[in-house]
Amino acid sequence: MPYFKTVRNQAPPSSLLDIKSQKCGLRHTVFSANGNEYTGEWKDNKKHGEGAQIWKQSGAIYDGDWKFGKRDGYGTFSVLLPERKEYLRKYFGEWKNGKKHGYGTYVYNNSAVYVGEWSEDQRSGWGSMYYENGEIYEGEWMKDKNHGHGIIQFVNGNWHEGTWKDGKKNGTGKLYYCDRGQLYDGFWVDGVAKCGTLSDFGRNEAPTPTKYPIPQVQLADMQLVIREAQSTYQC
């Protein structure tokens, strides 16, 4: 009886080597050709899970969650300060598809800090901005600019509450002059006050009140005059 030898279908050596080199699960540090380093988890040959990436050229580090090769989840991005030989946390918070997205904190080069919501790498939603000069803005953002309702507090203690558009005061708002005990209630267009009323507010508690109080308005219908003035600037 003749004997037939069964031939097994075996992949070529190059394919087997490629399969064995596929990264999946927790691995030791993997070095790229450009010198970048990654230590952490993989899935289907992509960074997936928890891991830390070091960029050789800039010295920046990302330590956090990954999803199919992109920063996704919670993580911290730090940059190297050569003059100090130490790392500065630039952003720590949520990521999505490789971009800042969700809630997080970002530190700017001039020590200003933003704490709040992000969308597609831009400040969007509700957040607080602490400026280098001491001013603080808390409110709504859209596409990296103040947009919506917000409050800004100035260094001298005065503050403005109102609506914003494209980074400027636009619409109704109130400017509290706490240093002299006055309140301006009016309407703004592109950051410029166009019409409104000025009245005393906390005059007795103000550190530097005006010499004389503001006299009462004697118009028969003050609100009508203000509405007519606002209509000049509204579309």
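Out of segment 30-55, which residues are assigned to a loop (DSSP other than H, G, I, E, B) and either more than 22 Å from residue 92 (Cβ to Cβ) or under 25 Å from the mean Cα position of the chain (by Cα) (or both)?
Answer for segment 30-55, where residues must be assigned to a loop (DSSP other than H, G, I, E, B) and either more than 22 Å from residue 92 (Cβ to Cβ) or under 25 Å from the mean Cα position of the chain (by Cα) (or both): 32, 33, 34, 35, 44, 45, 55.
Considering every residue within segment 89-103, establish whether at least one is aromatic (Phe, Trp, Tyr) and under 22 Å from residue 170 (Cα atoms).
no
Kindly indicate whether any position in segment 160-183 is small (Gly, Ala, Ser) and in contact with a His (Cβ under 7 Å, 6 or more places away or on another chain).
yes
Could you give me the residue pairs with C-beta distances under 6 Å whose first residue belongs to segment 138-158 and is closer than 15 Å to residue 118 by Cβ, whose second residue is surrounded by fewer than 17 Cβ atoms within 10 Å (Cβ to Cβ) and of a type in the set (S, T, N, Q) wherever it lies, and which are 6+ apart or on separate chains?
143/122; 144/122
Every residue in segment 186-215 that is of a type in the set (Val, Ile, Thr) and either without any contact (Cβ under 8 Å) to a residue 24 or more places away in the chain or over 23 Å from residue 144 (Cα atoms) (or both), please.
Across segment 186-215, the qualifying residues are 192, 197, 208, 210, 214.
In segment 160-185, what residues are among the small types (Gly, Ala, Ser), touching a residue at least 24 places away in the same chain (Cβ under 8 Å) and within 30 Å of residue 122 (Cα to Cα)?
162 - this is the single residue of segment 160-185 that is among the small types (Gly, Ala, Ser), touching a residue at least 24 places away in the same chain (Cβ under 8 Å) and within 30 Å of residue 122 (Cα to Cα).
Those residues that are small (Gly, Ala, Ser) and crowded, with 18+ Cβ neighbours inside 10 Å, I need them from segment 183-204; list them, please.
186, 196, listed by residue number.
Residues of segment 80-115 being surrounded by 15 or more Cβ atoms within 10 Å (Cβ to Cβ) and modelled with pLDDT under 95, which ones?
Residue satisfying the conditions is 80 alone.
Is one or more of the residues making up segment 109-127 closer than 19 Å to residue 169 by Cα and assigned to a loop (DSSP other than H, G, I, E, B)?
Taking every residue of segment 109-127 in turn, none turns out to be closer than 19 Å to residue 169 by Cα and assigned to a loop (DSSP other than H, G, I, E, B).
Residue-by-condition table, conditions (1) modelled with pLDDT of 95 or more; (2) surrounded by fewer than 17 Cβ atoms within 10 Å (Cβ to Cβ):
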{"site": "165", "(1), (2)": "yes, no"}
{"site": "169", "(1), (2)": "yes, no"}
{"site": "181", "(1), (2)": "no, no"}
{"site": "206", "(1), (2)": "no, no"}
{"site": "209", "(1), (2)": "no, no"}
{"site": "225", "(1), (2)": "no, yes"}
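Being of a type in the set (Gly, Ala, Ser) and closer than 29 Å to residue 90 by Cα narrows it down to one of 186, 191, 116, 171, so name that one.
Of 186, 191, 116, 171, the one residue that is of a type in the set (Gly, Ala, Ser) and closer than 29 Å to residue 90 by Cα is 116.
What number of residues within segment 54-77 satisfy the criterion of being under 19 Å from residue 120 (Cα atoms) and buried (at least 17 other Cβ atoms within 10 Å of the Cβ)?
Number of matching residues: 10.
Scan segment 146-163 and give yes if some residue there is within 30 Å of residue 98 (Cβ to Cβ), at pLDDT 95 or above and not in a strand (DSSP E or B), otherwise no.
no
Quick check on segment 125-135. Is at least one of its residues of a type outside the set (Lys, Arg), surrounded by 14 or more Cβ atoms within 10 Å (Cβ to Cβ) and either farther than 28 Å from residue 103 by Cα or out of contact with any Phe, Trp or Tyr (no Cβ under 8 Å at 6 or more places or on another chain) (or both)?
no
Please work out if residue 175 is in a strand (DSSP E or B), surrounded by fewer than 19 Cβ atoms within 10 Å (Cβ to Cβ) and not hydroxyl-bearing (Ser, Thr, Tyr).
When the stated conditions are applied, residue 175 does not pass them.
The values are calculated or read from the model by the stated rules, or taken from the named source; none is laboratory data. For clarity, every value in this text was computed on a predicted model and none was experimentally measured. We place every Cβ from the backbone using ideal geometry, glycine too, and count neighbours over all the protein chains shown.
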